[in-house]
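To keep things clear, I will list the structure first and then write my remarks on it.
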Amino acid sequence: MKNEQERTGAETAELHVGGKPMRLVLEEPTAGDRGINIGRLRSETGLVTYDPGLANTASCRSAITYLDGENGVLMHRGYAIEDLAANCVFLEVALLLITGTLPNREERKQFTLLMNKNSMLHEGMIQFFDNYPENSHPMAILSAMVVSLSSFYPEIARFNGDLPLDETVTNLLSKMRTIAAFSYKKSIGEPFVYPSHKLYYCENFLNMMFSSPVADYQIDPVVEATLNKFLILHADHEQNASTTVVRGVGSSGTNLYASVAAGISSLWGPLHGGANQAVIGMLEDIRDSGKSIAQVVLQAKDRSNPFRLMGFGHRVYKTYDPRARIAKQTCRDLLTHLGISSDPLLDIAMELEETALADDYFREKKLYPNVDFYTGITYRAMGIPTNMFTVMFALGRLPGWIAHWLEMHNDPEQKLVRPRQIYVGQKPRPFVPIDERS
Ligand code: CMC
């Protein structure tokens, strides 16, 4: 009988269990890590794999984003992040991720028109904002509002390949931006500013955030370009925690809007997108406490102290995050443009980076600044409040979530996400009636 390698022509790895060999086919990528296909592992050996945080597990094949963490490479559909950030508007990158191709001028124009057509929220949804308590975190509002889109637009939310994709996607992309701006206006007690058909994506967002019935807001093209670049930097990052959640929730047949709402909740945590808010908290704390940078670095290295340098380290990057490099330069350019000759938080961040990168602990563990390290300082300079930083990340990540949700739905190999476990609980024991329990 032919073995796996002879049958498929693929290279195999050999696993020995109880003295018996098992051949496991190797999966060949276009670039990056090769995989061992363990599809028959449990049925043939009774074994499962144990991989906390799925750090060594490829849960799907994907053609959207390529990331080389050792060399600091990030590409979407084959294009380098540096080229996309320098030359595209955010909606072009969104279309690239979702459809696989960069739009031409006419396609971009049509998409912009559709975005504007879908930008308003159902008036019924607007009432919701009134009932959130003061100081509600905008991420809570964003997640709740996005899942609510499923009830207000059920025909579109149920997208299953039969409906025009554009309508489902633009409805979400455009309305989430409106929800984000409205949640900010609600938090400062100002009236909502509606989206305008005359404005492009980033202009519209800035106008909804900062214009008011009593004062016109002049959109600064450099601020707009900075926002555009930052949204592109966040647009996708392959199988990160929130994208894995979106895929996982969608794998049970849940609609796109509800799947994305779950992704927003996953992003909120400080180890993921919430790090951009945590970085500013950390920098302000250093400024206000008068701690030296050396003391802070010492604290971050102390294993008995849960403190970590926020905006540092990454599951995949073991070198400088290419997005952080662009964010750092963009941050400097914006501050210069705005005439901010010195920002104490930027000074602290740069000193912290320099000290950490020269420290053996950070060098040995290959901990470098990640995308969140410089974004908060930049958003702050744009007038965006700290509790909106993770919302900004979510707006950027949305096309990636959509692209992955669609890829999963169109992949014949995808299944309901339902992992196994290593059970370490009680062995069977006799039931104790309530009156006999101690
Ligand atoms: N400060 C100090 N030590 C750190 C840090 C840090 N920021 N990050 C990792 N380490 C240490 C960690 O203590 C561990 O040490 P040891 O080997 O002695 O136990 C070692 O480095 C490996 O860390 P890990 O937690 O096992 O690695 P991970 O891949 O699970 O964690 C991470 C990745 C991003 C959760 C982590 O680096 C971290 O907590 N960073 C701070 C939060 C942050 O900036 N998150 C944003 C990530 S990038 C944006 C995004 O995509 O969401």
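Only the coordinates and a few stated rules stand behind these numbers; no lab work does. Please read these numbers as outputs of a predicted model, since none were measured by experiment. Please note: Cβ atoms are built from the backbone with ideal geometry, for glycine as well, and neighbour counts cover all protein chains shown.
Remarks
- Estimated vicinal HN-Hα couplings, Hz - the range 104-120 in sequence order (Karplus 6.51, -1.76, 1.60; Gly, Pro = x): 7, 4, 5, 5, 5, 5, 4, 5, 4, 4, 5, 4, 5, 4, 9, 7, 7
- Mean projected area in nm² (Cα convex hull; one quarter of hull surface) for the range 292-340: 4.9
- For the range 171-326, the alpha carbon positions stretch 53, 45, 29 Å along the principal axes, listed from largest to smallest.
- Shape category assigned to the range 256-337 from the gyration tensor of Cα positions, a/c cut at 1.5: oblate
- Share of pairwise Cα separations in the range 1-109, more than 22 Å, in percent: 52
- From largest to smallest, the equivalent ellipsoid semi-axes obtained for the range 334-438 from the alpha-carbon gyration tensor read 46, 25, 19 Å.
- Translational diffusion of the chain, estimated by Stokes-Einstein from the Kirkwood radius over alpha carbon pairs at 20 °C in a medium of 1.002 mPa s, is 90 µm² per second.
- For the range 224-306, the list of trypsin sites (Lys or Arg not before Pro) that fall in a loop by DSSP and count at most 16 other C-beta atoms within 10 angstrom reads Lys291, Arg303.
- Glu364/Asp285 FRET efficiency (R0 25 Å; Cβ-Cβ; nearest 0.05): 0.45
- Shown in residue order for the range 179-192 are the 3J(HN,Hα) couplings computed by the Karplus curve 6.51 cos²θ - 1.76 cosθ + 1.60 at θ = phi - 60°: 4, 4, 5, 5, 5, 5, 4, 4, 5, 9, x, 9, x, 5 Hz (x for Gly and Pro).
- Stretching the chain fully between Glu123 and Asp411 yields a gain of 100.0 nm (0.36 nm per residue, less the alpha carbon separation).
- Stokes-Einstein diffusion for the range 193-241, with the hydrodynamic radius set to the Kirkwood value over Cα pairs and evaluated at 10 °C in a medium of 1.306 mPa s, equals 131 µm²/s.
- In a DSSP loop and with at most 13 other Cβ atoms within 10 Å, the chymotrypsin sites (Phe, Trp or Tyr not before Pro) in the range 338-425 are Tyr423.
- Cut-off of 10 Å, at most 15 other beta carbons, DSSP loop: longest stretch of the chain lacking such GluC sites (Glu not before Pro): 135-412
- Across the chain, Cα pairs under 8 Å and at least six residues apart give a relative contact order of 19 percent.
- Relative contact order of the range 260-345, pairs being alpha-carbon contacts under 8 Å that are 6 or more residues apart, as %: 25
- Whole-Hz couplings from phi, Karplus 6.51/-1.76/1.60, listed for the range 135-150; x for Gly and Pro: 6, 4, 6, x, 5, 5, 5, 4, 5, 5, 5, 5, 5, 5, 4, 4
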